[in-house]
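The values are calculated or read from the model by the stated rules, or taken from the named source; none is laboratory data. As the structure is a computational prediction, the values presented were derived from the model and not from experiment. Note that each Cβ is placed from the backbone with ideal geometry, even for glycine, and that neighbours are counted across all protein chains shown.
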Amino acid sequence: MRNTMQWQDRISVDPMVCHGKACINGTRTMVSVVLDNLASGLTGPEILCSHPSLKSEDIDACIAYAAELSRKREARDDAESWPEWYSMSPLERWTESAKLWQFYLEAGGSLDPEPDSQSPFDAVMPHGTAPAYGRPGMRVLRRSGV
């Protein structure tokens, strides 16, 4: 069994090389060319003969790169379910939303708000402090005396 390799050590993407396509480091050989050769049935040694600047580790890196892209594609496929959602009527969407909320709550989800450290208001309202004068919201000072 081969050692797992880090394709990042052998493949780079540089906007100034091959229009930003993934290439083998130090060459202008695009990863897609190596993968196309493999897909068409060429063996590793045949690819190395036609591209003398490559090493067998470069071919392995191309395969690892393709595998990672495939995993990312699988994760992105969830986004393609949105057209199905929008093809539903509003009533069907409401019903499906209710089912999702029910599952979320049964699985231990909570509707209690959690602090959001990314919010610009997080630093303004420290956690655990009560609002001014015991009332929620902001106190408005009127200088006009009205």
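Structure notes:
- Leu42 vs. criteria surrounded by 11 or more Cβ atoms within 10 Å (Cβ to Cβ), touching a strand residue (DSSP E or B) at 6+ places or on another chain (Cβ under 7 Å) and either under 23 Å from Cys18 (Cα atoms) or at pLDDT 60 or above (or both): no
- For first residues located in region 30-48 and closer than 22 Å to Val13 by Cα, partners that are outside any helix (DSSP H, G or I) and among the charged types (D, E, K, R) and lie 6+ apart or on another chain with Cβ distances below 6 Å form the pairs Met30/Lys21.
- Only a single item in (1) assigned to a loop (DSSP other than H, G, I, E, B); (2) at pLDDT below 85; (3) under 30 Å from Val33 (Cβ atoms) is not met by Glu74, and it is number (1).
- Among the residues making up region 8-67, a single one is in contact with a Lys or Arg (Cβ under 7 Å, 6 or more places away or on another chain) and on the phi > 0 side of the Ramachandran plot: Cys18.
- Given (1) under 17 Å from Leu69 (Cβ atoms); (2) surrounded by fewer than 12 Cβ atoms within 10 Å (Cβ to Cβ); (3) in contact with a Leu (Cβ under 8 Å, 6 or more places away or on another chain), index of the condition Ser56 fails: (1)
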